[in-house]
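K.L.:
Take this structure first; my questions come after.
Just so it is clear, none of the values below were taken in a lab; they were calculated from the coordinates. It should be emphasised that the depicted structure is a prediction, and the values quoted were computed from it without experimental measurement. No Cβ is skipped: glycine too gets one built from the backbone with ideal geometry, and neighbour counts run over all protein chains shown.
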Amino acid sequence: MYLSDSEAQDFELVRHLVNQAISSPVTDIKRLPGTMAYNYEIDHKHVFKLPCERTNQEDWLRQAQLAPVLQQYFTFQIPQPNLKTLHLFDGKTILSSFYPKIEGICFSDDCQFAAQDRSFKTRFFEQVSDAAAQIHAVPLTELPFQLPTKIDYLEKCFFKESKGDNYLAKKLFRKLLHNSFLGLGKSGSRTSLLAHTDLHSGNILLDDKNKLVAVLDFDMLVRGDRFLEFRPGLYPDILDNRLFQKIYQERTGIKIDMKDVYQHEIMQNSLRWFYGLYQLYQVLPARERDKKIKRALRQKVNSERY
């Protein structure tokens, strides 16, 4: 069960749901940005997540179990989510996730971060590199369950429901992901360490002296490799991405193979192409689609150039 857009805009309903969770009168509600959930700041004290259609509530359950375990390995703060089932006015129920607000400054806007000078960005990436190193050092054996891999997440994004009609598309998708042409045989399937995968400026909180105090948004935590932290597009300016990679190597002594980073970009482009192919699969008559899609996939995967 999730909220519709109109329900998410209904602050009387939101106030009703929040009151159930924290059991105290709510005086201020501020809607926050976000695409995977409806996010709200409550009385400058709590951050609430209410489910939208895109929300994966399994991730919320996973985070609530992981956060207390992870915090003991970090010198910075991470959100400690609480889960609660809430009742709508019509008696239906939804799952909420909320945590005490962590105070700090967030450069959530790309332009805000791009406007900073080189010395600020250098200090910023030094701290992010140290935080990434702490995340990567968490023993996977200490976690209460096995996390998904990046490939698991990608497949889930495309196929939320398992229906017989999707069998061929799933088969083609797996072949595309696992094909060595994409470099995934070398790096994408490795599951050697914990990776945050979303360490952009909007998920980093600083204090008034620009010291890193918290890392947010552990929704995309996976078993993977270090190169996942340096995916193209994490920062809009390619020079910022390179600075992040350079500083991480200087701080940790670990070199990030740029081939892995570039292969990840190729993988993203291939997935965009696949998504178009999948849409074609959905609209073509059954007799035509199998033959056409098999041919298209074979030509794409066997191509020497992307």
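K.L.:
Check each of the trypsin sites (Lys or Arg not before Pro) in the stretch 15-96 and keep only those in coil by DSSP with at most 15 other C-beta atoms within 10 angstrom; list them in order.
P.N.:
Hits after loop and neighbour filter: 45, 54, 92.
K.L.:
Same structure, new question: What GluC sites (Glu not before Pro) in the stretch 29-117 are in a loop by DSSP, with at most 13 other Cβ atoms within 10 Å of the Cβ?
P.N.:
53, 103
K.L.:
Quote the charge dipole size of the stretch 5-100 about the Cα centre in Debye, to the nearest 20; the model charges only the Cβ of Lys and Arg (+1) and of Asp and Glu (-1).
P.N.:
Roughly 280 debye for the stretch 5-100.
K.L.:
Expressed in nm², what is the orientationally averaged projection area of the convex hull enclosing the Cα positions of the stretch 195-247?
P.N.:
Seen from a random direction, the Cα hull of the stretch 195-247 projects 4.1 nm² on average.
K.L.:
Charges only on Cβ, +1 for Lys and Arg, -1 for Asp and Glu: so what's the dipole of the stretch 56-120 about the Cα centre, in debye to the nearest 20?
P.N.:
I would put it at about 240 debye.
K.L.:
So, one more: Compute from the Cα atoms of the stretch 79-149 the Rg and the Dmax, the latter being the longest Cα-Cα distance, and quote both in angstrom.
P.N.:
Rg then Dmax for the stretch 79-149, in Å: 18.8, 54.
K.L.:
Moving on to the next point. Working from the pairwise distances between different alpha carbons, so that the mean of 1/r is found and then inverted, what is the stretch 5-100's Kirkwood radius in Å?
P.N.:
Result for the stretch 5-100 stands at 14.0 Å.
K.L.:
In whole angstrom, and with the biggest value first, how far do the Cα coordinates of the stretch 45-91 range along each principal axis?
P.N.:
44, 24, 15
K.L.:
Any idea how far apart residue 123 and residue 140 come out in nm if each label point goes 7 Å out from Cα toward Cβ?
P.N.:
3.7
K.L.:
When we measure straight from the Cα of residue 121, which aspartates and glutamates land under 20 angstrom away, once same-chain ones fewer than 8 places off are left out?
P.N.:
Straight-distance partners of residue 121: 109, 110, 130, 198, 207, 208, 229, 237, 240, 250.
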